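To keep things clear, I will list the structure first and then write my remarks on it.
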Amino acid sequence: MADTCSQMLLGSGLTVLSHPLMYIKVLVQVGHEPLPPSLGRNLFGRQVYQLPGFFAYAKHIVKIDGKAGLFKGLAPRLCAGTIGTLVHSKVLQNYQKADKTEEPGNSQKEDLSSLQQVVKETAREMVARSCATIVTHPFHVITLRCMVQFIGRETKYSGVFDSVVTIYREEGILGFFAGFIPRLLGDVISLWLCNMLAHLINTYVLDNSMSHVGEIKNCSQAVTGFFASMLTYPFLLVSNLMAVNNCGLAGGLPPNAPAYPSWVDCWRTLSREGNMSRGNSLFFRKMPAGKMYAVDQKRFF
């Protein structure tokens, strides 16, 4: 229980610190570009048209809404983080209890190979994460919609309880799970990809006789996690777009955004337009090739 509480406290602190970054990332993901591109230089010194990065975007938000404006949607996100940590921890604890309460005759378990052990642990982690995602996704939807209100200056989603009532009244239960399928798919694929790649590297590339092999294995886990998150980023993008799509906010309605019939249609549209990585980076953002900036609509076409 103490470990769970410490995880919640640490997670809440990191959530508060990282919230402005997520806020701006979501606005970029939905295509909102309030500042026009400017002429600058890339890492190689060449002159290119660049889009405003995190700091310029944050300064623009502060100018309009003040410093507190950078924390829109923080309350439901904190709820999601706290509840998600509790659910995730509870599911893993149940697995541990099940292992301890096995029948006496089966108390001596067969030795599992390293691959079987990784598969077993990954499967359990997948179940725990999936349960947490199911329970917390409604709060995730509310968080995103609170953020996207910045585009149209709406106040439709002003609090957690009021937002719950609004979504249920207008969209029913399914409204709380808008964008759920691509988010869950992305999480599951990322988890398996990360753990399997890390296992292959640790087993067939690294030598246990090497010095500091433990630290190197931890680094390989971090690198494969980053690589997996990059590959599955389109699922996160599509999920966030579907969560705000056609919900009555200007940021999720034409002309700011198409009304997607399904997440598959959203995926195809983004892929066709070359926007599958939109919002993936908030620094050194270059202007999209072959696109025109519409000053009045504050987006690219």
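Relative to the Cα centre, the charge distribution of region 143-298, modelled as +1 at Lys and Arg Cβ and -1 at Asp and Glu Cβ, gives a dipole magnitude of about 420 debye. For region 2-101, trypsin sites (Lys or Arg not before Pro) are listed when DSSP marks them as loop and at most 12 other Cβ atoms sit within 10 Å of their Cβ; the list is ARG46. Scanning the chain for long hydrophobic helices, with DSSP H runs required to stretch 18 angstrom or more by C-alpha along their axis and to average at least -0.5 on the Kyte-Doolittle scale, returns 2-29, 74-100, 114-152, 180-204, 213-231.
For LYS97, the aspartates and glutamates whose Cα comes closer than 16 Å to its Cα, not counting residues fewer than 8 places off in the same chain, are GLU121, GLU125.
Along the axis of the charge dipole computed for the chain (Cβ charges of +1 for Lys and Arg, -1 for Asp and Glu, origin at the Cα centre), the listed residues LEU78, THR203, VAL48 are led at the positive end by VAL48. In summary, the lysines within cross-link reach of LYS25, defined as a Cα separation below 30 angstrom excluding same-chain residues under 8 places away, comprise LYS59, LYS63, LYS67, LYS72, LYS156, LYS286, LYS291, LYS298. Treating r as the C-beta distance of SER277 and GLN96 and R0 as 41 Å, the FRET efficiency rounds to 0.60.
Averaged over its residues, the chain has an accessible area of 56 Å² per residue, based on protein heavy atoms and a 1.4 Å probe. Annotation: peptides 186-195, 277-286, ranked by per-residue average of other Cβ atoms within 10 Å with the highest first, follow the order 186-195, 277-286.
Once backbone amide H atoms are built at 1.01 Å from N, LYS286 has LEU51 as its partners under 5 Å, excluding neighbours fewer than 5 places away on the same chain.
The values are calculated or read from the model by the stated rules, or taken from the named source; none is laboratory data. Just so it is clear, the structure is predicted and the values come from calculations on it, not from any experiment. Heads up, the Cβs are rebuilt from the backbone with ideal geometry, glycines too, and the neighbour counts pull from every protein chain shown. In case anyone asks, the SASA skips ligands and DNA or RNA and just uses the protein heavy atoms, side chains included. Shrake-Rupley method; radii C 1.70, N 1.55, O 1.52, S 1.80 Å.
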